[in-house]
1. Averaged across orientations, what area in nm² does the convex hull of the alpha carbons in the chain project?
2. Tell me the label-point distance for the pair Lys30, Arg91, using the 7 Å Cα-to-Cβ offset, in nm and rounded to one decimal.
3. Which whole-Hz couplings ³J(HN,Hα) result when phi for each residue of the range 158-168 is put into the Karplus expression 6.51 cos²θ - 1.76 cosθ + 1.60, θ = phi - 60°, listed in order with x for Gly and Pro?
4. Can you list the residues, at least 5 places off or on another chain, whose amide H is less than 5 Å from the amide H of Ile33, using H built in the peptide plane?
5. Using helices alone, I'd like the mean residue ellipticity at 222 nm for the chain: each DSSP H run of four-plus residues gives -39500 (n - 2.57), total over residue count, nearest 500.
6. How would you classify the range 185-274 from its alpha-carbon gyration tensor, with a ≥ b ≥ c the square roots of the eigenvalues: rounded for a/c under 1.5, else prolate if a/b is greater than b/c, otherwise oblate?
7. Name the residues whose placed amide hydrogens come within less than 5 Å of the amide hydrogen of Leu96, ignoring near sequence neighbours (fewer than 5 apart) on the same chain.
8. For Cα pairs less than 8 Å apart in space and 6+ apart in sequence, what is the mean separation divided by the residue count of the chain, i.e. the relative contact order in percent?
Amino acid sequence: MDADFSVGFIGCGNMAQAIIAGMRQSDFGKDQIIAINQTPEKLAELASQLCFTAASNMTELVEMSDVLVLAVKPQVAPAVLRELGKISTARGKCLLSLAAGLPVSIMLEALQADGQTEQADWPIIRSMPNTPSLVGEGVCGLYASSYAEQSQSDQAEKIMRAVGHVQWCDEESGIDAITAISGSGPAYFFYMMEFMTTKAVELGFTEEQAIELVTRTALGAARLAKQSDDTPAELRRKITSPGGTTEQAILTFTNNDLHGIIASAMQASKDRCETLASELAAQSK
Ligand SMILES: NC(=O)c1ccc[n+]([C@@H]2O[C@H](COP(=O)([O-])OP(=O)(O)OC[C@H]3O[C@@H](n4cnc5c(N)ncnc54)[C@H](OP(=O)(O)O)[C@@H]3O)[C@@H](O)[C@H]2O)c1
């Protein structure tokens with residue numbers, strides 16, 4: 001059975017395409033996914049490739065959609081929201097934002113129609129997806145602002161579940177924390193895989209073989225960690241026999257404070273979210 005609501009994407013770049021592909025594979029029909037994009041030619045091509053409906057402008061998109069997904073870059077989002085705020089039929093529609101680092105307060109300000117004194121009471125839900133959404137293995141943080149109703153949160157969750165796991169945050173700051181964990185997280189693992197690949201080549205394998213060895217090791221470790229009742233720490237201990245080979249590698253990590261390095265890296269990512277929010281606030285004035 002098809003989903004009972006329609007979703008309009010404002011912007012049809014990488015993340016929107018990943019979500020649309022996932023939605024098409026779940027129970028959203030062609031007429032329930034609508035999008036607009038800066039470049040219309042790109043939109044027409046994507047609409048036929050991914051099988052969704054292309055709208056010709058924001059007003060048409062709003063009329064056809066129950067939920068609106070803000071899928072443009074954070075820097076252009078305030079201008080897009082100012083345009084959306086002028087469309088009276090958009091008021092009260094749930095706005096699911098993908099824009100990294102863009103706080104609800106800035107979105108509400110941008111949505112405030114010209115001459116209006118009180119802040120707009122839009123039901124906004126913020127999300128923080130990640131790139132494994134492209135293969136249906138995403139992790140997405142969600143935060144519902146005060147104007148969002150439960151039914152709108154359920155709709156947002158249904159959309160994001162089409163590309164992976166969803167974690168709700170009670171506070172907006174939770175989205176910054178999720179950014180430092182799963183948003184930036186794939187890059188941490190890619191970085192580790194990058195250096196393991198380089199060393200595997202030094203140890204005599206071709207680059208192709210090295211990438212295969214490293215990615216399959218990462219995939220196997222992630223699957224085992226997901227399926228096992230053991231914590232990652234227990235799984236690691238189980239393959240670290242005293243006096244063995246793995247112990248030597250782990251000792252090298254601990255002697256170089258890998259734990260501390262990872263903790264500071266994640267803190268730096270979270271701190272950058274807060275700085276980004278201030279920069280976006282200054283830019284949107
Ligand atoms: N990619 C990720 O890993 C990731 C992770 C978490 C969150 N996000 C968030 O997801 C959002 C989208 O990121 P992305 O990676 O998908 O970016 P992207 O590939 O650059 O896509 C942005 C899209 O917006 C379109 N666009 C720009 N201005 C527009 C306008 N005024 N009206 C309609 N469409 C417009 C662009 O069209 P043209 O190409 O024709 O210019 C482009 O297709 C961002 O806010 C980002 O912070 C992304």
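Here, each number is a calculation from the coordinates, and none is a lab measurement. If you're wondering where the values come from, they're calculated on a predicted model, not measured in any experiment. With ideal geometry, Cβ positions are generated from the backbone for all residues, glycine too; neighbour counts draw on all protein chains shown.
1. 18.0 nm²
2. Distance between label points: 3.6 nm.
3. Values per residue, Gly and Pro as x: 5, 5, 6, 5, 5, 10, x, 8, 10, 10, 7 Hz.
4. Excluding prolines and chain starts, which carry no amide H, the hits are Val7, Thr53.
5. Working: 12 runs with 148 residues, N = 285.
The helix contribution divided over the chain gives -16000 deg cm²/dmol.
6. Values: a/c = 1.42, a/b = 1.16, b/c = 1.23.
Taking the square roots of the gyration eigenvalues as a ≥ b ≥ c, the range 185-274 is rounded.
7. Result for Leu96 returns Leu68, Val69, Leu70, Ile125.
8. Here the relative contact order equals 15 percent.
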